[in-house]
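Novice: Below is one structure. I have some questions about it.
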Amino acid sequence: YALAVVGYEMLAGRHPFASADGTVPRRRSRREPVPRALHEVRADVPRALSDAIARALCESPRDRFATLADFVAAVERSATTGAVPAASSTLPSLRLTLGVAAVAILVAAGVAFLRVRGAESVPSDATPAAVTGAAASAPVRLVVLPFENVGEPGDAYFAEGVSDAIRSSLASSNGLEVVARATSMSLRPAGATDVASAREVGARYLLTGTVRWARGEDRVVINPSLVEIAGETAVTRWEESMTTALADVFDVQAQIAARVAAATHVALGLRGGGGLADRPTRDLLAYDDYLAGEAASQGGTVIDVPSLQRAEAKYASAVARDSTFGAAWARLAFVRGFLVSRIAMTPKAIAETRRALTMATRLAPGDVSTPFAESLIARFLDGAPARALEAVRRGLRDHPTDAMLLSQGAMLELVTGRPDSALAHLQLAQRM
């Protein structure tokens, strides 16, 4: 039914249930008339195709095709059995070409859906040993959910910074497949359970926790918990309460990350722990601004203009305090690159955007945000999609599984006429 609605709109140039003024109802009413037949709206639509889409749009499911495969077959037959009149002066050949293309797209969409459904299903004769054997050889997948801030409301960004440090530490561990930050940040809508969050990304384990920054006492209290998902239940494998003096925010995050990584490996029976990130800046206030920028942009995963502008102000403040803060320069270039694609920029803002990229390239060439920013600026500021694609490819050499970079590369490959490669990169991004 949904595919037929899209097909009708592609061929007729209007939604099948649109009113005279073009308004589309949010919910259909049974009193609304049946859509006008496609071959009456456009004379170059084959009657067989018109009939196929009309049947798929029937009010009662009983009157539609029994399966999507039947609908696909009917659309395919219409391309050969339906007589398509020659184009006239009022129906230019482009419209005829678009009509044929729409038939092809409808067929392709239906077949693709059937293939996905087939890939998702497990054969009835598949043995449990075959299924579990394949899973057993895969790395242990773990998701680090954003740690909950139980201190002052304004300290939420600090809790997210702790989560990021732990995630980065675990991501470099042997035998662990850690779900990326962009996905982790989106897994806890209101009412979601730990089981639902883990199952959504196919994770066997998840790490949760609470963070309280007791500013008056100059200490941080963190309560991490490692949970295993067993069927429909969540079983706690390890939890601990950690209290650390806040002599240095970086030391706190490094200590917590190391202890959580070590305890996680013991609980999971794995060898080796993750590495610790280098100190990004000596200026704690600059780092405070950076964390606030990360909270505003959610690590670069929210790209609406107000969020980008809030993040831009914080990243700019961070580099104003410490001009050698490479990660902040990379993020600043990243958010300004997205702003270039969304709002009109003054000459001064354009110059500041280019300077941010220059500094990021010099101070943080290995940061994934740097090639991403370069690609955005090349595409939207310089109008050079080929150069933008090359920047993404350089970034993928260092970050071959970064989902956002893969998606950006796929869009650029589409723009530069490489659809097969774009599809492969999108599929990999989806898995990541």
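The values are calculated or read from the model by the stated rules, or taken from the named source; none is laboratory data. Remember, predicted model here, so these are calculated numbers, not experimental data. To get the accessible areas, we keep the full protein, side chains included, count just its heavy atoms, and leave off ligands, DNA and RNA. Shrake-Rupley method; radii C 1.70, N 1.55, O 1.52, S 1.80 Å.
Novice: In what sequence, largest accessible area first, do SER60, SER19 appear using a 1.4 Å probe? Walk me through the intermediate numbers first.
Specialist: Numbers: SER60 30, SER19 55 Å².
Largest accessible area first, the residues go SER19, SER60.
Novice: Another question about this same structure. Could you calculate the contour length gain from LYS348 to ARG47, that is, 0.36 nm times the residue separation minus the distance between their Cα atoms, to one decimal place in nm?
Specialist: Working: separation 301, 0.36 × 301 = 108.36 nm, distance 5.86 nm.
So the extension gain works out to 102.5 nm.
Novice: Further, regarding this structure: When you take every Cα atom in segment 327-432, what is the radius of gyration, and what is Dmax, the widest Cα pair distance, in Å?
Specialist: Rg then Dmax for segment 327-432, in Å: 13.3, 40.
Novice: Heads up, I need the accessible area for TRP238: 1.4 angstrom probe, whole protein in place, Å², nearest 10.
Specialist: Its heavy atoms expose roughly 40 Å² to the probe.
Novice: With all protein chains present and a 1.4 Å probe, how do PHE380, PHE325 order by accessible area, largest first? Please report the intermediate quantities before stating the final value.
Specialist: Numbers: PHE380 90, PHE325 0 Å².
If we order PHE380, PHE325 from most to least accessible, we get PHE380, PHE325.
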